[in-house]
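In what follows, a single structure is set out as structure tokens and then discussed.
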Amino acid sequence: MQQYTLYILVENQAGVLSKISGLFSRRGYNIDSLAVGVTNDPKVSRITVVANGDEYVVEQIEKQLNKLIPVIKVKRLVEGEFVSRELCLIKVHSSAAKRFEIIKIAELMQAKVVDVANTTVTLEYCETVEKISTLLELLKPYGIREIVRTGTIAIEKGVSESSK
Amino acid sequence: MINGADIMVKCLEAEGVSVVFGYPGAAICPFYDSLYDSSIRHILVRQEQNAAHAANGYARASGKPGVCVATSGPGATNLITGIATAYTDSIPMVAITGQVRSDLLGRDVFQEADITGACEPFVKHSYLVSKTEDLPRVFKEAFHIASTGRPGPVLIDIPIDIQQNEIKEFVYPQTVDIIGYKPNTKGHQVQIKRAIELIKSSTRPVIVAGGGVLSSGSKLKLVEFAKKTGIPVVSTMMGIGVMPSDHELYLGMLGTHGKATANRALHEADLVIVCGARLGDRAVAAPDQMSSKSTIIHIDIDPAEIGKNVKTTIPIVGDMKNVVNKLLEEIGEYHISNAWGETLKRWKQELYRVPPTFDGFVEPRAFISKLSSMLPSKAILVADVGQNQIWCANNFKIKEGRFLTTGGMGTMGYSVPAAVGAKIARPTREVMAVCGDGSFQMNMNELGTIVQNNISVKIIIMRNTRLGMVRELQDKLYDHRHSATILDTKPDFLKIAEAYDIPCAMASSNEEAEKYAEQMLKTDGPFILVCNVYPDTPSI
Ligand SMILES: Cc1ncc(C[n+]2csc(CCOP(=O)(O)OP(=O)(O)O)c2C)c(N)n1
Ligand SMILES: [Mg+2]
């Protein structure tokens, strides 16, 4: 099993997302994350999927996605040739005594403090999945109240087919 | 000004549709009202599933997309099995459903069903139309998508207000432009060159022909290729008819229920050329075994089928017609060595055996074989599902006609409505439905459609008073415990036929069956022939 990142360009029409997510669940493919947003062409959306499976599964996913009529393009990104980020908001339990420690960790990891309340500190963090895991590990001992994540988005380095 | 319903009819006319199969209801009434003034023929079926099966049979016999229509809610959900059948068997179809008013969508009003959602896994594409203005484009795209690339069903769900709203004028688009849908039909030149090299270096090649050969209209070209090169042909169930059954290069259907020679040839082959077949589990039970022993060239219009079930050495994505034409051009004067052909000829003779008969019963395999010789060469035989299907698949001696059955979905009850569609598409051809007593009872309500429209299909019921194929499975795997597979000896099929004023006969020996078959073929109009079959008769 390997993890892979692919992006899907789709025509922006009703029901596209359910077609795509339905295909994954129906055929038993596992998704780790899925993120959608419109591209520079307002008629086209871009979906980033992080999923796992063996080579056979990945190839099938690409082919089956390509069969969907609103799908314009499917591309598997090559390790090392793309940049990926995920945005997350993390609400950590914090007594007045611990507040400073938590803010120190945030500074070290370059996370932003977006809210401070009596018993909580909320951080904003936009990073790779690995770094997000590190931050979460560091925050765990204080008690994580809530996490919201966008799912990974990814873009190829330099000039790529889709940026020409 | 023109309303949506009139536009729908005009779209169908613009697509050259001459017949639709359907069942009305409130949410599709505007369309039915417009249809009333149109020259398009409407066949009122007796249950919506059969509208889809009839459209399926029509599509397969005519080569054009079949059209079926239903109302919202239960009408639409009744279509699903028929849509799913067309999807699995790659049949071009446009299904039109009425829907509740668009401003009420999502409120669970009377007869609202999310049919585009429900059909998601079974359609090539679907539309829930939100503006009357969109109708012409949607219809144009739907027919294009259904009939190009790998054929399949497309669903158009149209809320009643969209059918009622008026717009200024009707303009049918001349072209379609769907950025995400551009099927590759050509076939890669380099891959074709590589395929030719492999063919020339193999000593025991076999062609596996599937439904794609028939739907692409490349049957004759493939036969030409086989003849020229001497490469033997086996077919999947969907591919039956790619070659006349008695052709010396044809070895029969492969698979669990196929011909031993066909399976043996595949097993011994060093090169398998798969043409328009997906090699499902019924065709090749252990695809890994096959790919470990032989080289595989896989030609298909759907790239997702290549490598899905069997590992491929040379994938060729393209329309079978283009690819086979190129193969013919490139192969030049080449013929395989005779040794392989001689071996196969010998196997074919060794393995022939005559099935035993039982007193008081029709031997179905011998009868189907005999019946074939009585039929005109272009006859269409529609087989249902079960043992009856296997008896037909292996014993119908096809010539220039068609063998229609649902090899992928295996939907019981397919044969009678599909035969209705096929007969309407090909009124001058002899069209025959062969079904089991179980499958006939699934859709026998279509006798109403047959009589009302005087559709001259001949129905043969193989009456073994069993759900024979499942019963056989229970004999093999479940210690003869016949759980829920014994059918009652009722109904009296002759009385049912009488109720519809359809001429009928019941045979209890092969002599009788032949005699009645002759009478059946002379009859103008429908006919039902019931054959009493010994319950323990095996499938092969
Ligand atoms: C709609 C549907 N339900 C159930 C089945 C499972 N099934 C496959 S063959 C068969 C028995 C068919 O019986 P019959 O039509 O009498 O044909 P026979 O095998 O006796 O020739 C059944 C129940 C099916 N294929 N389709
Ligand atoms: Mg039966």
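None of the figures in this text is laboratory data; all of them are computed from the coordinates on show. Fair warning: this is a prediction, and the values are worked out from it, not measured in the lab. FYI the Cβ positions are ideal-geometry reconstructions off the backbone, even for glycines, and counts take in every protein chain you see.
Tabulated data for the structure shown
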{"read-out": "Dipole of region B:2-167 [Lys/Arg +1, Asp/Glu -1 at C-beta], most positive-end residue of B:109, B:31, B:154", "value": "B:154"}
{"read-out": "Computed FRET value (nearest 0.05) for residue B:476 with residue B:358, which takes r as the C-beta separation and R₀ as 25 Å", "value": "0.80"}
{"read-out": "Helix-derived mean residue ellipticity, 222 nm - over the protein assembly as shown, DSSP H n ≥ 4, -39500 (n - 2.57), to 500", "value": "-11000 deg cm²/dmol"}
{"read-out": "Sites residue A:128 and residue B:172 - FRET efficiency at Förster radius 51 Å, r taken between beta-carbons, to 0.05", "value": "0.50"}
{"read-out": "Ranked packing of B:147-156, A:121-130, B:205-214, most packed first, by mean Cβ within 10 Å", "value": "B:205-214, B:147-156, A:121-130"}
{"read-out": "Test item: A:64-74 mean partner chain Cβ contacts at 10 Å", "value": "5"}
{"read-out": "Label-reachable residues, region A:82-109, where backbone N falls under 16 Å from a point 7 Å from residue A:33's Cα toward its Cβ", "value": "A:82-91"}
{"read-out": "Built amide H within the under 5 Å cut-off of residue B:94, gap 5+", "value": "B:66, B:67, B:68, B:154"}
{"read-out": "Whole-Å semi-axes of region A:83-153's equivalent ellipsoid (Cα gyration tensor)", "value": "21, 11, 10"}
{"read-out": "Prolate/oblate/rounded call for region B:142-273, Cα gyration tensor, a/c under 1.5 rounded", "value": "prolate"}
{"read-out": "Projected label distance in nm at residue A:14 and residue A:89, using a 7 Å step from Cα toward the beta-carbon", "value": "2.9 nm"}
{"read-out": "Dipole axis of chain B (+1 Lys, Arg; -1 Asp, Glu on Cβ), positive-most option in B:75, B:96, B:181", "value": "B:181"}
{"read-out": "Length gained when the stretch residue B:325-residue B:522 is fully extended (0.36 nm per residue, less Cα-Cα span)", "value": "66.8 nm"}
{"read-out": "For residues of B:304-316, the mean tally of beta carbons on other chains within 10 Å", "value": "2"}
{"read-out": "Binned Cα-Cα distance frequencies in the protein assembly as shown - 20 Å width, integer %", "value": "16, 42, 31, 9, 2, 0"}
{"read-out": "Distance between modelled label sites at residue B:334 and residue A:81, nm, 7 Å Cα→Cβ extension", "value": "3.4 nm"}
{"read-out": "Label point distance in nm, residue A:114-residue B:281, each placed 7 Å from Cα along Cα→Cβ", "value": "4.7 nm"}
{"read-out": "Equivalent ellipsoid semi-axes - Cα gyration tensor, region B:2-167, angstrom", "value": "21, 18, 15"}
{"read-out": "Cα lying deepest toward the dipole's positive end in region B:162-256, options B:255, B:208, B:195, charges on Cβ", "value": "B:195"}
{"read-out": "Estimated dipole of chain B in Debye, rounded to 20 [Cβ of Lys and Arg +1, of Asp and Glu -1, Cα centre]", "value": "1680 debye"}
{"read-out": "Net charge of neighbours whose Cβ lies under 13 Å from the Cβ of residue B:354, counting Lys and Arg as +1 and Asp and Glu as -1", "value": "+2"}
{"read-out": "Cα coordinate range in chain B, projected on the principal axes (Å, largest first)", "value": "72, 61, 43"}
{"read-out": "Cβ-placed point charges (K, R +1; D, E -1), dipole of the protein assembly as shown about Cα centre in debye, nearest 20", "value": "1280 debye"}
{"read-out": "When each of B:140/B:326; A:19/B:186; A:19/A:75 is checked by Cα-Cα distance, pairs over 25 Å", "value": "B:140/B:326; A:19/B:186"}
{"read-out": "Nearest-0.05 FRET efficiency for residue B:511 and residue B:465, computed from C-beta distance (R0 22 Å)", "value": "0.55"}
